[in-house]
Amino acid sequence: KQMVRTILGVIAGYIVFSITLFVLLSILYMILGTSGSFRAGNYDLTMAWLLASVVIFFIGGAIAAAVCAMISKSAKAGLYMGGTIFVIGILVAIFQIAVDPGIVPREVGELALMDAMNRAHGPLWSHFVNPIAAFTGALVGGGMLKNS
């Protein structure tokens with residue numbers, strides 16, 4: 001029974017993680033706009049975007065682990081949630097690096113949210129820092145419920 005609750009907690013937590021990232025990154029894009037999100041003339045992400053995304057991944061991981069802990073009622077929920085987010089994040093990073101088109105020129109002007117998501121190009125390190133930030137957030141989020 002505990003294993004089923006833990007699995008359901010991780011699934012629910014990952015869904016919440018995905019929704020949280022989508023919402024917060026969309027808000028970030030609305031705040032920064034095209035010119036604040038991308039370097040001039042291409043789809044390379046700005047340092048403002050990259051740093052804010054690390055914070056957002058940390059927050060997403062913390063919220064996901066809190067949800068996982070509530071459902072699973074397990075002291076190790078943060079570790080399970082963080083491990084899941086980290087492994088999926090590294091697999092996504094490997095895929096993104098494999099299909100990376102490199103620096104692609106960009107027309108001047110605003111870019112729709114979905115186009116921005118599909119064309120964004122981050123430096124190699126950013127693909128690995130975000131899963132680490134989410135894992136760390138999950139450890140914090142999973143422990144918060146235990147201590148309250």
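The values are calculated or read from the model by the stated rules, or taken from the named source; none is laboratory data. What you see is a predicted model, and the numbers here were worked out from it, not measured in a lab. With ideal geometry, Cβ positions are generated from the backbone for all residues, glycine too; neighbour counts draw on all protein chains shown. Keep in mind that these areas ignore ligands, DNA and RNA; they rest on the heavy atoms of the full protein, side chains included. Shrake-Rupley method; radii C 1.70, N 1.55, O 1.52, S 1.80 Å.
Residues in the stretch 63-83: is at least one surrounded by fewer than 22 Cβ atoms within 10 Å (Cβ to Cβ), of a type in the set (Phe, Trp, Tyr), at negative phi and at pLDDT 95 or above?
Within the stretch 63-83, none of the residues are surrounded by fewer than 22 Cβ atoms within 10 Å (Cβ to Cβ), of a type in the set (Phe, Trp, Tyr), at negative phi and at pLDDT 95 or above.
Do we have any residue at all in the stretch 99-106 that's in a helix (DSSP H, G or I) and closer than 28 Å to residue 10 by Cβ? No, that holds for no residue.
For the stretch 24-50, enumerate the residues that are in a helix (DSSP H, G or I) and either open to solvent by 70 Å² or more (accessible area, probe 1.4 Å) or touching a strand residue (DSSP E or B) at 6+ places or on another chain (Cβ under 7 Å) (or both). Once the filter is applied, which keeps residues that are in a helix (DSSP H, G or I) and either open to solvent by 70 Å² or more (accessible area, probe 1.4 Å) or touching a strand residue (DSSP E or B) at 6+ places or on another chain (Cβ under 7 Å) (or both), the stretch 24-50 yields 27, 30, 31, 35, 37, 47. Restricting the first member to the stretch 135-148 and to residues that are closer than 7 Å to residue 82 by Cα, and the second to residues that are at pLDDT below 90, the beta-carbon pairs closer than 8 Å and six or more apart or on different chains are 138/78; 139/78.
Against the list (1) open to solvent by 40 Å² or more (accessible area, probe 1.4 Å); (2) more than 15 Å from residue 141 (Cα to Cα), the condition residue 55 fails is (2). Residues of the stretch 107-127 that are open to solvent by less than 70 Å² (accessible area, probe 1.4 Å) and part of a helix (DSSP H, G or I): 113, 115, 116, 126, 127. For the stretch 37-53, the condition of being within 25 Å of residue 116 (Cα to Cα) and β-branched (Val, Ile, Thr) holds for at least one residue. Against the conditions (1) touching a His at 6+ places or on another chain (Cβ under 9 Å); (2) charged (D, E, K, R); (3) without any contact (Cβ under 8 Å) to a residue 60 or more places away in the chain, residue 44 satisfies every one except (3).
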